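Just so it is clear, none of the values below were taken in a lab; they were calculated from the coordinates. In this text, all values refer to a predicted model and were calculated from it rather than measured experimentally. A quick note on method: Cβ atoms are made from the backbone with ideal geometry, for glycine too, and the neighbour counts reach across all protein chains shown.
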């Protein structure tokens with residue numbers, strides 16, 4: 001019998017013995033009732049306890065599962081927020097810097113235009129044919145072609161002679177893009193001292209490249225006259241080209257220091273210097289050209305200072321303690337293993353030339369269409385807008401390149417893929433917003449730049465193409481940045497050949513000339529080529545084995561690795 005029942009029985013027995021007059025049957029009945037009540041109470045208590053335990057387990061499991069979901073969501077949100085911050089640390093200053101740098105040329109052209117139309121034509125010609133070309137060689141940024149795209153319009157106004165010169169000069173190859181790949185991957189692998197070595201190697205290669213370009217600046221007048229340019233414009237161009245030699249050499253520290261600092265996410269200093277420089281340039285241009293009437297020499301002196309002031313600031317920041325881990329001083333190691341850097345630079349240069357030629361063809365084809373003057377004016381307005389918008393895309397290109405190269409160097413394929421997704425979606429969101437703005441504002445867009453109703457109508461007709469160009473520009477440069485970060489320059493060069501020259505240009509010629517769609521047809525053809533290129537790059541990026549890319553990056557880093565002199569001396573001691 002159950003212990004509790006025994007107690008009840010004892011109580012009942014005691015009651016029976018003490019109360020003699022009680023009926024024994026009554027005692028038995030009460031005993032039975034107590035037994036049944038006790039069993040029922042025990043069962044209920046057990047049932048309630050078991051139900052409580054089961055409910056507790058279920059609630060605990062649900063809470064644990066909910067907690068895991070919440071924690072997973074929290075981890076994703078934290079991861080997304082962290083990656084977004086890392087992206088904007090690079091993209092924000094890069095966008096601002098490019099806007100400021102683009103503004104330097106705009107300010108120079110504006111003040112020179114007030115000196116005279118001949119001086120403006122000469123400056124535009126030299127800036128297009130020589131300076132932009134040198135810029136492209138030394139920087140070799142995949143999407144730098146947009147800037148050249150707008151400036152090449154001056155070639156159309158001057159005829160095919162200038163266009164031929166541009167095409168001949170663009171045969172030179174870029175030399176600085178390799179630094180973007182090497183520094184980013186080395187920083188991710190925590191081989192910090194190698195960044196300084198790579199920086200010095202790039203200086204050596206770029207200085208040699210700049211020296212080889214000098215004859216073009218010395219003999220500009222003779223070259224332009226031989227190509228049929230008017231004598232007076234050729235003479236002024238020759239004078240301006242000599243002033244631009246210091247500007248060409250300024251590209252060397254400018255591009256290399258920017259890539260060196262971007263790889264470390266230390267490019268806020270670049271943005272500050274760019275803003276300061278633009279303000280100084282506006283003031284000096286007004287002072288020297290408007291107030292004191294120094295003409296071309298005054299404008300060019302201000303331009304030279306505008307390009308060199310930020311370079312001096314960047315060099316001081318790098319060499320005077322701003323990058324203690326990555327800059328260990330000048331080293332003879334910079335003269336070692338130059339050939340791999342040159343090979344990677346050649347691949348980057350081929351990519352740039354293919355981009356430049358592709359857009360040069362668009363401008364030259366436009367110059368041979370009917371009513372070319374209105375067509376060129378309308379196209380120049382659209383490309384001017386596109387050029388400003390491209391500064392945003394170039395910022396995301398820099399961010400994609402830095403984030404991918406850093407994560408590959410660090411050995412994290414998942415982080416590299418996640419950074420690609422975040423950067424592409426962010427850039428595309430901004431591009432989609434601008435796409436809608438320019439699509440619905442096409443009726444009034446042109447009047448910001450012109451009072452001609454004919455030109456405004458032509459711009460409105462081209463605005464949908466401008467909007468789609470902006471949308472494509474929000475994705476294609478980011479994928480190009482991924483290619484630079486991973487070191488795929490040679491692969492993208494083949495993609496460019498197929499998409500641009502086997503698809504885009506033939507379609508543009510057929511639509512523009514055979515179908516008589518004029519500028520619109522040529523632009524549609526070129527857009528289609530760019531669209532195919534973007535799709536192919538998306539597929540390549542999606543299907544890439546990123547674990548293998550980590551191994552490739554580490555093999556490349558280890559192949560060019562040089563021991564840190566400080567660590568070596570410490571071990572010896």
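Projected onto planes of every orientation and averaged, the convex hull of the alpha-carbon atoms in region 182-320 covers 10.0 nm². Determine the relative contact order of region 259-307: mean sequence separation of Cα pairs under 8 Å and six or more apart, normalised by residue count, in whole percent. This gives 33 percent for region 259-307.
When each of 442, 98 is scored by the number of other beta-carbon atoms lying within 10 Å, the sequence from fewest to most is 442, 98. Direction-averaged projected area, Cα convex hull, region 256-325: 4.9 nm², rounded to one decimal.
Listed by Cβ neighbour count within 10 Å, with the fewest neighbours leading, 450, 256, 101 appear as 450, 101, 256. Note on region 231-277: semi-axes of the ellipsoid equivalent to its C-alpha gyration tensor, largest first and rounded to whole Å, are 33, 11, 6. The spread of Cα positions in region 374-452, taken along each principal axis and listed from longest to shortest, comes to 57, 21, 16 Å. Extension gain, residue 337 to residue 222, is 37.5 nm, computed as 0.36 nm per intervening residue step minus the present C-alpha separation. From the P(r) of region 515-555, can you give the percent of Cα pairs sitting at distances over 16 Å? Tail of P(r) above 16 Å: 58 percent of Cα pairs. Within region 405-492, the ratio Rg/Rh, alpha carbon atoms throughout and Rh by Kirkwood, equals 1.20.
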